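Working notes, beginning with the structure itself.
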Amino acid sequence: MSKQKETKKFYIETYGCQMNVADSEVIATVLTENDFVQTKDIESADIILINTCAIREHAEQRVYGRLDYFNSLKKKNTKLKIGIVGCMAERLKDELLEKKPFIDLIAGPDAYRHLPEMFETTESGQKAVNVLLSKEETYEDILPTRYDSNGISAFISITRGCDNMCTYCVVPFTRGRERSRLPEDILKEIDAVKNDGFKEVTIIGQNVDKYLYEDKNRKVNFPALLEMVATRIPEMRVRFSTSYPQDFNEEVVLTMTKYPNICRYIHLPVQSGSNKILNLMKRGYTREWYLDRIAMIRKHLPDCAISTDIISGFCDETEADHQDTLALMKEVQFDFAYMFKYSERPGTFAAKRLQDNVPETEKKRRLNEIINLQSRLSLNSNEKDIGKTFEVLVEGVSKKSPDNYFGRNSQNKVIVFPKAETKIGELAQVKVTHVSSATLIGKVVSPENS
Ligand code: SAH
Ligand code: SF4
Ligand code: F3S
């Protein structure tokens with residue numbers, strides 16, 4: 001008689017970008033379909049998984065801290081298995097076993113189908129490592145379990161990997177070649193989240209503009225996919241991220257103008273305002289090209305919010321280059337930005353061939369100037385919204401003030417307002433009365449009073 005398989009409880013913690021959040025949902029499905037049960041109580045878990053990010057050194061330091069904590073739990077429960085997955089697992093591979101010998105399992109982003117067998121291997125006291133990257137894996141038949149979402153907004157990946165090879169970036173090494181998912185699989189996921197009551201979908205990829213599905217009979221590019229998604233769920237909001245300046249085109253913007261359910265928000269990372277630095281980063285576009293994209297967006301969609309990513313202190317960045325970045329920020333008047341200090345990543349072109357020669361104090365000073373400028377720009381942008389009424393998707397109760405709800409408008413700005421007739425998950429008309437650089441504050445109005 002075969003031995004009854006014991007049900008194992010797994011706990012999963014996720015770091016990094018939305019792509020990792022989406023992958024953790026795939027992992028949860030793979031494991032639950034194989035008789036594992038998910039727990040949110042780390043102390044009762046038989047297996048702890050940490051889905052990691054390698055984008056900056058700091059991201060990895062945090063993971064080491066968590067791993068040491070997991071090891072302390074292993075001392076209390078010697079049967080506990082610890083698995084590290086995702087980009088840091090892919091980057092460091094078995095080297096992690098030297099640094100943290102208590103790790104039982106290492107799986108890269110294309111190995112998640114194999115997790116059940118890998119855990120079986122660890123049962124016999126062996127280590128399980130699978131960091132093979134694939135050119136095909138898109139987890140097409142796996143419907144992700146949205147275990148940690150707010151039930152309102154879902155993220156659906158449309159591509160995996162990245163072929164861009166920006167010189168500072170580790171992602172092409174940790175995620176492998178670019179692959180586009182079958183449009184029907186994406187639509188199947190869209191239908192599933194709609195049936196589960198979600199109200200908003202964000203389709204994601206490292207460079208969504210490169211989305212391309214081709215077979216004998218058809219070719220579906222990103223604008224075509226966006227249109228398929230927008231028409232499939234006209235009553236739901238659609239967002240997308242990340243756009244890449246070199247590939248971002250008018251066709252995408254024209255598609256946005258055709259469908260009001262596609263949100264008026266574009267995240268278009270610029271990284272630097274200096275052509276010399278953009279060239280060293282191998283971004284493939286110039287400052288002028290980027291500004292031209294912005295002008296094109298504004299021409300068709302004057303109410304569209306635009307955000308960006310900026311890296312300060314990249315190799316050979318001079319004060320003049322830094323000033324070019326500040327000037328570009330002012331010219332574009334970004335509504336929001338994610339801002340980072342350059343962090344050298346082993347194995348990248350920049351690590352091998354360029355000098356990380358901007359002193360740490362200088363990187364910090366430049367970053368602070370960028371952050372301070374952006375906070376003024378965000379405040380300017382928000383002040384322009386005073387007196388306007390927006391349709392807001394109510395996402396939850398404000399953490400800071402339990403009498404208030406919070407939600408987002410189409411432009412992705414967070415709006416806080418006193419609880420009224422409206423409920424979480426519904427759309428409300430909210431008139432903006434006050435603002436800070438981070439938030440809009442308003443009150444619910446009936447449409448005729450707006
Ligand atoms: N695919 C997206 C971004 C992915 S990573 C794009 O190309 O726009 C998110 C952001 O992290 C990047 O836009 C960049 O600003 C930042 N980043 C990536 N590598 C970095 C590094 N080595 N040091 C500091 N910031 C980095
Ligand atoms: Fe990294 Fe560039 Fe790819 Fe973005 S586009 S993930 S920055 S290599
Ligand atoms: Fe995302 Fe970090 Fe990997 S940003 S793709 S989890 S390196």
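The values are calculated or read from the model by the stated rules, or taken from the named source; none is laboratory data. All values reported here derive from a predicted model rather than from experimental measurement. Backbone-built Cβ (ideal geometry, glycine too); neighbour counts: all protein chains shown. All accessible areas refer to the heavy atoms of the entire protein, side chains included, with ligands and DNA or RNA removed. Shrake-Rupley method; radii C 1.70, N 1.55, O 1.52, S 1.80 Å.
Brief remarks follow.
- Boolean, Pro116 is touching a residue at least 60 places away in the same chain (Cβ under 8 Å) and more than 16 Å from ligand 1 (Cβ to nearest atom): yes
Rundown of residues vs (1) in contact with a strand residue (DSSP E or B) (Cβ under 8 Å, 6 or more places away or on another chain); (2) assigned by TED's automatic domain parsing to the domain that holds Gly16; (3) more than 16 Å from ligand 2 (Cβ to nearest atom); (4) assigned to a loop (DSSP other than H, G, I, E, B), yes/no style:
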site: Gly125; (1), (2), (3), (4): no, yes, yes, yes
site: Glu136; (1), (2), (3), (4): yes, no, yes, yes
site: Glu140; (1), (2), (3), (4): no, no, yes, yes
site: Ala154; (1), (2), (3), (4): yes, no, yes, no
site: Thr167; (1), (2), (3), (4): no, no, no, yes
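- Selection count, the range 341-378, where residues are more than 16 Å from ligand 2 (Cβ to nearest atom), farther than 17 Å from Ala327 by Cα and open to solvent by 60 Å² or more (accessible area, probe 1.4 Å): 7
- Taken over the range 152-202, the criterion of being more than 17 Å from Glu90 (Cα to Cα), aliphatic (A, V, I, L, M) and either open to solvent by 20 Å² or more (accessible area, probe 1.4 Å) or within 16 Å of ligand 3 (Cβ to nearest atom) (or both) is satisfied by Ile156, Ile158, Leu182, Ala192.
- Number of residues in the range 379-409 that are open to solvent by 30 Å² or more (accessible area, probe 1.4 Å) and part of a loop (DSSP other than H, G, I, E, B): the value is 9.
- Restricting attention to the range 15-37, the residues being of a type in the set (Gly, Ala, Ser), in contact with a Gly (Cβ under 9 Å, 6 or more places away or on another chain) and within 16 Å of ligand 2 (Cβ to nearest atom) number 1.
- Residue check: Leu225 meets all listed conditions (1) more than 16 Å from ligand 2 (Cβ to nearest atom); (2) crowded, with 22+ Cβ neighbours inside 10 Å; (3) part of a loop (DSSP other than H, G, I, E, B) but one, namely (3).
- Test result for Tyr338, surrounded by fewer than 15 Cβ atoms within 10 Å (Cβ to Cβ) and either of a type in the set (S, T, N, Q) or not assigned by TED's automatic domain parsing to the domain that holds Lys93 (or both): yes
One line per residue, one yes/no per condition, for (1) away from ligand 1 (no atom under 16 Å from the Cβ); (2) out of contact with any Pro (no Cβ under 9 Å at 6 or more places or on another chain); (3) over 30 Å from Lys423 (Cβ atoms):
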residue: Phe198; (1), (2), (3): yes, yes, no
residue: Val238; (1), (2), (3): yes, yes, no
residue: Ser241; (1), (2), (3): no, yes, no
residue: Thr255; (1), (2), (3): yes, no, yes
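- Given (1) out of contact with any helix residue (DSSP H, G or I) (no Cβ under 6 Å at 6 or more places or on another chain); (2) within 23 Å of Glu251 (Cα to Cα); (3) within 16 Å of ligand 1 (Cβ to nearest atom), number of the condition Glu184 does not satisfy: (3)
- Residue check, Asp209 farther than 30 Å from Phe406 by Cα, among the charged types (D, E, K, R), surrounded by 19 or more Cβ atoms within 10 Å (Cβ to Cβ) and within 16 Å of ligand 1 (Cβ to nearest atom): yes
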